[in-house]
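Structure first, commentary second.
Every number in this text was worked out from the coordinates using simple rules, so none of it is lab data. Remember, it's a predicted structure, so these values are computed and weren't measured experimentally. In this analysis, Cβ positions are derived from the backbone assuming ideal geometry, glycine residues included, and neighbour counts consider all displayed protein chains.
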Amino acid sequence: MKIIVGYDGSSHAKKALKLAQKHAKAWNAKIEVIEAITRSNPLDFQYIQKAEQELEEDVREILDGDKTSYETHLVLDNLSAGEQLVNFADRHKVHETIIGARKRSRSGKLLFGSTTQYVVLNAPCPVVTVK
């Protein structure tokens, strides 16, 4: 079983990763942590290397030495973060997606953020949102 976590370093993303850790233990699953970066301008190699290193360090720290099987992926594309997550889930036959959702204003509570909303509506697998 594969679980992906949309990760952007926010407190909501960290909560999503902790939930994925629990699900992975329960179902003997592998976690794929995805940080999606939308390319609007050319990115230099040092920026990409630093982002990959920070992602790996964050995940290792959050999982706190647990033996949960995981991989980190920095995905760079011209697509939006939501589109990148959905495409990854589809290509890799993912069984569950876990993504953080930020609290919104009263009127904003009717809609998720654009990334979360896109993933919830288009993912090829069940989506769990964490706030």
How much FRET efficiency would the formula 1/(1 + (r/R0)^6) give for residue 47 and residue 131, where r is the Cβ-Cβ distance and R0 is 30 Å, rounded to 0.05?
-> 0.50
Links that overshoot a 18 Å alpha carbon limit, given the list 18/67; 2/25; 22/131; 30/93; 22/50; 93/131 = 22/50; 93/131
Under a Gaussian network model of the chain whose springs join Cα atoms within less than 10 Å, the largest fluctuation of 100, 65, 82 belongs to 65
Fluctuation leader among 84, 46, 21 - the chain, Gaussian network, Cα springs under 10 angstrom | 46
Among [x] 19; [y] 29; [z] 12, the entry matching percent of Cα pairs over 26 Å apart as calculated here is [x]
Quick one: which residues, 5+ away or cross-chain, put their amide H under 5 Å from the amide H of residue 123? H built at 1.01 Å from N.
-> none
